[in-house]
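Q: Following this message is one structure expressed as structure tokens.
The values are calculated or read from the model by the stated rules, or taken from the named source; none is laboratory data. As the structure is a computational prediction, the values presented were derived from the model and not from experiment. Glycine gets a Cβ as well: all are built from the backbone with ideal geometry, and neighbour counts include every protein chain shown.
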Amino acid sequence: MEHYFGAHTIDNGGIHMAVRRAGNANMRALQLFTAIPKYYGDKVSIRPERVTRFRDALAATKIAPERVVVHAAYVLNVATPDAEKWTRARDGLAKELERSTALGVGAVCFHPGAATDDDREAAAERIAAAIVHALDGARGSTRLLVENTAGAGRTMARTAEEVGSILAHVPKALRARTGYGLDTCHLFASGYDLRASKAEVKRTLDAFEEATGEAPGFFHLNDSEGALGSNKDRHMLIGDGAIGAEAFGWLLADPRTRGVPLILETPQLNTDIGDDDDAPDPYDVQMMELLERL
């Protein structure tokens, strides 16, 4: 199997323009938003013409639909004990899966939120309940994947054990449609020392596979502005942060990084790019060249 590198490209002009920018950077994977990530999006549907533009743009690239990841809204806290907030977050997650299923992409990833009452087991059950609700409402092959977190405050999914606990509450009949992915910055910030050695990188992936019963469904490739165990979710270009480029070479040597989307969420240079300009971001091009060398 191969490495499928991509990025969360800028979607100025629409998600089809994000696809074109990724294609022009010679990417083979992609991440995007289907709605504004600062809002719940629980009532936002996707128009058929938007789906058509997206699929047509994708067909002109080397990016297969199953290697596209949609990132759910940041505000969705399906771990909260507040019933009203949980219901809206649950519905936002379900609507995201609905939109992403219409696009025909491989997966939706999401941050599970915070256990604001400090009952982490109950929070794991609430996250799983939201996953089940979303999967029951959207029939298709698009998977719903938990993303590990940097561990700030009371956020869930900061350890292998917590990710495993969330997925353990999903019924076996639905487990094939869910899973998890790993963000390297979040791993480092939550205390997994990826820079220590190739063996430590393997031990980290082993821990998550043992806790969940499966390998990750995607990786986010981000260096970290924060120190080891800082719980600071601040992404940097690979090689410019506290993890360093060598650790990413160790990670890519692990067979579990093959055959799944490997997504850069690193800084962008041209955030104000014109709506009709499909040029790839220079930083994305730089990072793609680095990954190919590693």
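Q: Can you tell me which residue in the stretch 182-237 is surrounded by the fewest Cβ atoms within 10 Å (Cβ to Cβ), limited to those that are part of a helix (DSSP H, G or I) and basic (K, R)?
A: R203
Q: Six or more apart or on different chains, Cβ atoms under 6 Å: show the pairs whose first residue is in the stretch 204-223 and within 16 Å of I263 (Cα to Cα) and of a type in the set (A, V, I, L, M) and whose second is buried (at least 21 other Cβ atoms within 10 Å of the Cβ) and at pLDDT below 95.
A: Every condition considered, no pair remains.
Q: Just name the residue that is nearest to G217 (Cα to Cα) out of those in the stretch 251-294 that are assigned to a helix (DSSP H, G or I) and of a type in the set (S, T, Y).
A: T257
Q: Being farther than 26 Å from D42 by Cβ and among the aliphatic types (A, V, I, L, M) is the requirement here; does M156 meet it?
A: Against the criterion (farther than 26 Å from D42 by Cβ and among the aliphatic types (A, V, I, L, M)), M156 does not qualify.
Q: Scan R28, R20 and give me the residue that is closer than 26 Å to G259 by Cα, of a type in the set (K, R) and touching a Phe, Trp or Tyr at 6+ places or on another chain (Cβ under 9 Å).
A: R28
Q: Another question about this same structure. For the stretch 153-181, which positions are hydroxyl-bearing (S, T, Y) and either outside any loop (DSSP other than H, G, I, E, B) or surrounded by 22 or more Cβ atoms within 10 Å (Cβ to Cβ) (or both)?
A: T155, S165, T178, Y180
Q: Right, F208: modelled with pLDDT of 95 or more, closer than 27 Å to H16 by Cα, out of contact with any Leu (no Cβ under 6 Å at 6 or more places or on another chain) and of a type in the set (F, W, Y) or not?
A: No.
Q: Also: What residue, among those in the stretch 66-93 that are in contact (Cβ under 8 Å) with a residue 24 or more places away in the chain and hydroxyl-bearing (S, T, Y), is farthest from S45 (Cα to Cα)?
A: Only one residue tops the list, namely T80.
Q: Quick check, is T52 surrounded by fewer than 16 Cβ atoms within 10 Å (Cβ to Cβ), among the polar types (S, T, N, Q) and at pLDDT 95 or above?
A: yes
Q: Out of everything in the stretch 165-200 that is hydroxyl-bearing (S, T, Y) and without any contact (Cβ under 8 Å) to a residue 40 or more places away in the chain, what residue ends up being farthest from R139 (Cα to Cα)?
A: Y192
Q: I'd like the full set of residues that are touching a strand residue (DSSP E or B) at 6+ places or on another chain (Cβ under 8 Å), of a type in the set (A, V, I, L, M) and at pLDDT below 95, limited to the stretch 151-190.
A: M156 - this is the single residue of the stretch 151-190 that is touching a strand residue (DSSP E or B) at 6+ places or on another chain (Cβ under 8 Å), of a type in the set (A, V, I, L, M) and at pLDDT below 95.
Q: Another question, if that's okay. Restricting attention to the stretch 109-152, report how many residues are under 17 Å from D183 (Cβ atoms) and either small (G, A, S) or assigned to a loop (DSSP other than H, G, I, E, B) (or both).
A: Residues flagged as under 17 Å from D183 (Cβ atoms) and either small (G, A, S) or assigned to a loop (DSSP other than H, G, I, E, B) (or both) within the stretch 109-152 amount to 9.
Q: Also, quick follow-up: Taking the stretch 238-294 as the search range and keeping residues that are in contact with a Lys or Arg (Cβ under 9 Å, 6 or more places away or on another chain) and among the β-branched types (V, I, T), which one is surrounded by the most Cβ atoms within 10 Å (Cβ to Cβ)?
A: So the residue we want is I243.
Q: If you don't mind, there's one more thing I want to ask. When you go through T142, T101 one by one, which is the residue that is touching a helix residue (DSSP H, G or I) at 6+ places or on another chain (Cβ under 6 Å) and under 20 Å from P261 (Cβ atoms)?
A: Just one listed residue meets the conditions, T142.
Q: Something else now. Going by what's in this entry, would T80 be described as more than 21 Å from F110 (Cβ to Cβ), of a type in the set (V, I, T) and over 15 Å from the mean Cα position of the chain (by Cα)?
A: No: the conditions fail for T80.
Q: Across the stretch 117-142, which residue is surrounded by the fewest Cβ atoms within 10 Å (Cβ to Cβ) among those that are in contact with a Ser or Thr (Cβ under 6 Å, 6 or more places away or on another chain) and either under 18 Å from L76 (Cα atoms) or aliphatic (A, V, I, L, M) (or both)?
A: A138
Q: Collect the residues in the stretch 110-125 that are touching a residue at least 40 places away in the same chain (Cβ under 8 Å) and over 26 Å from Q31 (Cα atoms), keeping them in residue-number order.
A: Hits for the stretch 110-125 are A115, R120, E121, A122, A123, E125.
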